[in-house]
Structure formats: structure tokens, C-alpha cells
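Participant: What follows is a structure written as C-alpha cells; I'll ask about it next.
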Amino acid sequence: MSECSSCQAYRLEMKALDDQILRALSLNVPELNMPELPDIVTSNVVSLSARRRFSPPTWFAMAATVVVAALIGIRFVGVDHQTLADEVLAHLDHEPQALVVTDVEISDARFRSVVPASIASMDRRAGLITYAQSCEINGRDVPHLVIQGEHGPVTILLMPEEKIPNALPLEGDTVHGVILPVGSGSIAIIGVREERLDLIEERVLKSVTWST
Amino acid sequence: MGVFHRDMYRYAAWLSRDKAIAEDVVQEALLRAWKSLESLRDDAAAKPWLLTIVRRENARYFERKRLETVDIDNLTASQAALLAEEPDDELDDMRQAIYELDDDYREPLVLQVLMGFSTNEIGEQMGLKQGAVLTRLHRARAKLREQMVTA
């Protein structure tokens, strides 16, 4: 069916108008500049509100968090249980979104779904838990939690079936951690270098009881 | 999320009609999105999800600042910057005409022409029925045509 000439003219006029509107709306956008990122230090991570007013362009703040997480570069310093340590470390790289500074606690429902009674009981007073996800480590689903430490996010992996004979220290350029033997399993705790992990270890160990 | 920063910025700029405010709004929106990333279940929905957050952040910003409507003859530097992107008289006229549109008309136009949203998606984004969206889009274009003819 052929289009009437006035209809065609109108359609072309509207098309030209839309093209013009699109060009007018397509503002120049400042580049998403990624700064040279320093190590994670207190001034960068302790306060979300403190990060809110950088000089423009400012939206790189969040993207920077991703890069900080990706640049952690931790390495395992033990000689045994290389696979478990490798899995733990690889997992940190795969889930950088967990390492965000926030004061928003996860819900009880979320916590219970990730740390069900069938795996462990855990007192939430161990710290401000801001992330919880069931993750696969060494072929097993384990609770991956993040609590907010004094100097930044601290990763906790509850591994009820990963028995190890001794504590496995982990060292990195900007972070440190440990995999602790706990009964028939183990718990990995990793935070920024400034973090007093011994204090967190004590609280976490007191708060967790395996169900099996 | 950085992939969408251009869309987020442009949407924020046309909502707020101010480049500096747009940068603040995008920053807050990204932080908020990052904190609630868990709620994004479908990667394909990332763009409308982020634009919804931008929209809310923009509303929060204006709520906090209690900003009034913009007087086109008395713009701040960052407001004026939006209208002075490049030396092109025709584009400048169109940009000013869009700038002067009521929010109710400008926003659906941005979502359709710039973001590629369907009228149904615009309705969801703005909490409007599809018919209302179509009406607003028609009136927005009619106003722009009128403005451009008289410019």
C-alpha cells in the first residue's frame, strides 16, 4: 500500500525532528577517569559519607572499589593445602563486589539463607555483616560473609568440611589473612593490612558453632 | 556499571538541567546501585534499573535542595554549560527548546529518543499509563516543532 504524499512528508519531517532531538540530547559526557589507586588505607575506606564529595568527575568512586578489590594481589604463604588456599584467594578476585564499605547490614532472612542451621549457628554480634552469599569453595557450597572492620571490609569464609591441621597464614601486598582450623572444618578471615584480624578472629571463633 | 555511565549522566543532566548536579546525582546513584547490586537479578535489566536509581537520586537531590524551576534568563554556569555544548546554532536552539520543556514532557522524550525505551517501558519508569506517555511525547514534539519554527 502506497503512502499518501502528505503522510510521507509528515513522517520525514518527524524523522528529521527526532534526529535533531537526538543530536541535541547527546551531550558530551566527561570521561570515566580511573585514578591511580593507592593501597587500601583508612582514609579511603572507613567512611562512606567521607567518600561522597570528591572533585568531579566523581562517579569513579564506586568503580575504584572494584579495582581496589581486583588489585589486592594476595598470595598464599604456606606450603600445605595449596588447593584450599588457592580457592579462597581466587574467590576473592571473583567476587570483588563483596568488598564494599557500607553500614547497611544484611537482613536476618538473607543471613539465615546463607548460614542455615544445617551448616552452623553464628552469633551476628561478631560484627556488622554487610554481605552474605553462598559460594563454592573446593567443590562445596560455603557461606561467604563480609563484616566491616575498623579499616575496611573483612572477608569470612565458613568451611565446615575443610579440615586443616594448622592455621594457614595468607599474605598480600595490601591485605593479610588466615585460614584457621575450627573443629572438623576451618574458617578463612582476610582483611586489609591495617586491620587487627586477631580481634576479629576471636569474635568470629566465639560466634560460630558447626552443626555437624 | 561503568558501561552505562554515559546514559546515566545524560539522563541525569536532562532531568536536572545542570551538569554539576548531574555529576553529583550519578555519583550517588552509582554508590546506591553498588550497595544494592544484589537486587539486580537480570543483567539485561541493568540499564533501566540504573536509570530508575538516577531518577530517584535526582528527586532526592531536588527534595534536599528545595530547588525551584529554572529561569532561562538567569542560569548558573553549570546550567548554561548544558546549552553551550558546541557552536551549532540549530542544535543550540533545539537544546534550549528541550531545556525549556516541562519536566513532564522532557523526561519521556529523553527516555524514548536517547535511551531507546518503548512507550510501555517509559510508562513503567515514570509510573504512567501508556496512553499518558504517548500524549506527553506528542505534546513534547509539538512544542519543539513550534519552538524551532519560531526560532
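Each reported figure results from applying straightforward, stated rules to the coordinates on display, with no laboratory input. Note that the coordinates shown come from a computational prediction; the quantities given were computed from them, not determined experimentally. FYI the Cβ positions are ideal-geometry reconstructions off the backbone, even for glycines, and counts take in every protein chain you see.
Participant: Across peptide B:102-110, what mean number of C-beta atoms from other chains lies inside 10 Å of a residue's C-beta?
Facilitator: Numbers: counts 0, 0, 0, 0, 1, 0, 0, 3, 2.
Counting other chains' Cβ atoms within 10 Å and averaging over B:102-110 gives 1.
Participant: Please give the calculated 222 nm ellipticity per residue for chain B, where each DSSP H segment of at least 4 residues contributes -39500 (n - 2.57) and the sum is spread over every residue; nearest 500 deg cm²/dmol?
Facilitator: On the way: 8 runs with 104 residues, N = 151.
-22000 deg cm²/dmol, from helical runs alone.
Participant: Please determine, in degrees from 0 to 90 and to the nearest 10, the orientation of helix B:89-100 with respect to the longest principal axis defined by the Cα atoms of chain B, where the helix direction is its Cα long axis.
Facilitator: For helix B:89-100, the angle is close to 60 degrees.
Participant: Using a ≥ b ≥ c from the Cα gyration tensor of segment A:102-212 (square roots of the eigenvalues), is it rounded, prolate or oblate, where a/c under 1.5 gives rounded and otherwise the larger of a/b and b/c decides, a/b for prolate?
Facilitator: Details: a/c = 1.62, a/b = 1.08, b/c = 1.49.
Here segment A:102-212 falls in the oblate category.
Participant: Of all the stretches in chain B, which is the longest one without any exposed loop site, taking trypsin sites (Lys or Arg not before Pro) in a DSSP loop (any state but H, G, I, E, B) with at most 15 other Cβ atoms within 10 Å? Intermediate values should be presented prior to the final figure.
Facilitator: Details: sites that count: B:41, B:66, B:129.
No qualifying site falls inside B:67-128, the longest such stretch.
Participant: Remind me, relative contact order of chain B in percent, using alpha carbon pairs under 8 angstrom and six or more residues apart?
Facilitator: Numbers: 121 pairs, mean separation 35.4, N = 151.
Contact order relative to length: 23 percent.
Participant: Also, I was wondering about something else. Based on other C-beta atoms within 10 Å, arrange B:52, B:119 from fewest to most. Please list the in-between numbers first.
Facilitator: Details: B:52 16, B:119 19.
Arranged by neighbour count, lowest to highest, B:52, B:119 become B:52, B:119.
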